[in-house]
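Notes for the one structure printed next.
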Amino acid sequence: MDKTISAILVLALLVVALGLMALGWRARKRRQSTLPAPFAAPEVTGEEFGTFESFYVATTIAREPLNRVAVHGLGFRAKCDVTVTETGVIIAIGGQPDMFIPVADIREVQRATWTIDRVVEEGGLTLIGWNLGDTEVDSYFRAEEPEAFLSALTSLRGTTESESQ
């Protein structure tokens, strides 16, 4: 009898915790509902500097690496292909429309070591700081070829590499 009651209590606590997590995620999405959706990839992108297999880690509010953006398909980690072109960066995450960051919206490119749920070796992440409408955001990637990826990103007009966090 004691084991049954303990099991029921643990199960009830688990259900409550999962329910609170779901409510928290819904509240985050509601708070961020005013953020615009990223641009769709354009038909004409100009010269390509490379396509890189990466792991999309997160997009956070700029300079708040623990404040994940949860709307418009930016809330979940996934494998992706990132294509760097002369007009901007195309992010292709399976099952979602391709996203586009125009060169004019990119504020910075830098190495990073951590973000909301990922800590890696020193400089193991690549951060692209960009403007999503009027909101500054930071997107984090773990590229299979980090040096080539960073080099392609810094070759974009007006983009500079900053110190890592």
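The values are calculated or read from the model by the stated rules, or taken from the named source; none is laboratory data. Being a predicted model, the structure only gives us computed values, none of them experimental. As a convention, Cβ positions derive from the backbone with ideal geometry for all residues, glycine included, and neighbour counts pool all protein chains shown.
The rows are residues; the columns are (1) over 13 Å from the mean Cα position of the chain (by Cα); (2) at pLDDT 90 or above.
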{"site": "V69", "(1), (2)": "no, yes"}
{"site": "T85", "(1), (2)": "yes, yes"}
{"site": "A92", "(1), (2)": "no, yes"}
{"site": "Q96", "(1), (2)": "yes, no"}
{"site": "Q110", "(1), (2)": "yes, yes"}
{"site": "W114", "(1), (2)": "no, no"}
{"site": "G133", "(1), (2)": "yes, yes"}
{"site": "V137", "(1), (2)": "no, yes"}
*Among the strands (runs of 3 or more DSSP E) lying completely within the stretch 63-160, list those that include at least 1 residues that are surrounded by fewer than 16 Cβ atoms within 10 Å (Cβ to Cβ) and of a type in the set (A, V, I, L, M).*
78-85
